[in-house]
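The values are calculated or read from the model by the stated rules, or taken from the named source; none is laboratory data. A quick note: this is a predicted structure, and the numbers were derived from the prediction, not measured. Note that we place each Cβ from the backbone using ideal geometry, even for glycine, and neighbour counts take in every protein chain shown. The protein model used for the area step is the full one, side chains on, heavy atoms only, and it has no ligands, DNA or RNA in it. Shrake-Rupley method; radii C 1.70, N 1.55, O 1.52, S 1.80 Å.
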Amino acid sequence: MERIRVLVVDDSAFMRKYISDIINKEPDMQVIDSAGDGNTAIEKIKSLKPDVVTLDVEMPGKNGLEVLREIKKTSSAEVIMLSGLTTEGSVVTIEALSIGAFDFVEKPGRATLYQMQEMKKNLLDKIRYAWKLKNKKANMNMSRVATEEKNVHIKASSKIEAIALGASTGGPKVLYDVITSLPKDIDVPVFVVQHMPPGFTKAFADRLDKNSFLRVVEAKHEEAIKPGVVYIAPGGYHMIVNPGKIILDTSPAIHGVRPAVDKLFISAAEVYKDKILCCVFTGMGRDGAEGVKAIKAKGGLTMAQDESTSVIYGMPRAAYETGCVDVVLPDHEIPKEIVKLVKQKL
């Protein structure tokens, strides 16, 4: 069996050993080496050519972002950031995703058994998906694909009054591209679920707000819904759309996640009926599939990202397989299609 070759980079000797032990217990992966600082990491990446690098966000000297930029220039390795829950850590992590990190794993705060087990599962899952993406890039042309003409002729039956977007792994970059492309006169609210732990969604919303024509906020409980505002569901809370306001709740996770795309889509379908447009983006699992069915049942419009531009074609595939997706598009075609449908004259 071909094993996934991993380089572990962390300034903490304890974390290097802990992460290495987790990985080396798996039959399909192995730690080929480790590094305690950025300069050593870069040299080892050049010589050892790992498949996947786990990279600490906050390191002395050459920090995680500097190391990541160097890796993206010189290596095909996929990078998973390890981030502590600090304000600085969350901001740097969001920046790392924009530079090209595959994803991130949150370091456990209080190091409870549950948190350690969650970190272990997340890390191993993401190493495997990162390796699959590396092979996908090696085996296919990842250039922009042409959109088939037959695939783009959809029309809204009613004027679109709201947009709902859902994503997971690979989502921050594509959501950034989509949201920063929306014009300031779009004049409808935009609701977004991106699977992220508490603390990181605020940094994500702030980065979007600085670079968008629209106002972007991390949603608050009972906040009034206004046109031209993008509402990011906070980590740890489901975001539910009620008439005129947003409700946040801590009801059980769905598909192991909270916020869940399904919760948002299903509630938005009840409020906006045939006047909503939704899109499911890259991500593992099937969150969003039931929501797409609910929106289609009310006459709304449904979209999904295509396989060739999805980092992980899990959520978009599950949505498509419901038979309720109106259009499948590559990531770079989605913003202009959204704008066209929202501004369509009826």
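Once the Kirkwood radius over Cα pairs is known for segment 177-312, the Stokes-Einstein relation at 25 °C and 0.890 mPa s delivers a diffusion coefficient of 163 µm²/s.
Select from His221, His238, His195 the residue whose mean-square fluctuation is largest in a Gaussian network model of the chain (Cα-Cα springs shorter than 10 Å). Residue with maximal mean-square fluctuation among His221, His238, His195: His221. Considering segment 30-71, its Cα convex hull presents a mean projected area of 2.7 nm². Panel values: segment 24-122, Kirkwood radius from alpha carbon pairs, Stokes-Einstein at 10 °C and 1.306 mPa s, translational diffusion coefficient 113 µm²/s. Annotation: the antiparallel percentage among DSSP beta bridges lying fully within the chain is about 15. Extent of segment 1-50 along its three principal axes (Cα atoms, max minus min coordinate, largest first): 32, 24, 7 Å.
In segment 265-326, the C-alpha radius of gyration followed by the widest Cα-Cα span (Dmax) gives 10.8, 33 angstrom.
Karplus-based coupling profile of segment 12-21, in residue order and whole Hz: 8, 4, 4, 5, 4, 5, 4, 5, 4, 5, with θ = phi - 60° in 6.51 cos²θ - 1.76 cosθ + 1.60 and x standing for Gly or Pro. To the nearest Å, what is the center-to-center distance of segment 151-192 and segment 299-334, using C-alpha atoms only? About 13 Å separates the Cα centre of segment 151-192 from the one of segment 299-334.
Segment 240-259 and segment 61-94 have Cα centres spaced 30 Å apart.
Its Cα gyration tensor gives the chain an equivalent ellipsoid, and the semi-axes of that ellipsoid, as √(5λ) in whole Å with the largest first, are 36, 21, 18. Surface analysis of the chain yields an accessible area of 44 Å² per residue, using protein heavy atoms and a 1.4 Å probe.
In loop segments of segment 208-241 as defined by DSSP, the trypsin sites (Lys or Arg not before Pro) with at most 15 further C-beta atoms inside 10 Å of their C-beta are Lys220. The long axis of helix 200-211 is offset from the longest Cα principal axis of the chain by roughly 70 degrees. The figure for Thr282 is an accessible area of roughly 0 square angstrom, using a 1.4 Å probe on the protein chains alone.
For the listed residue pairs Lys173/Lys202; Lys155/Lys298; Lys49/Lys72; Lys226/Lys275; Lys120/Lys202, the alpha carbons are over 19 angstrom apart in Lys120/Lys202.
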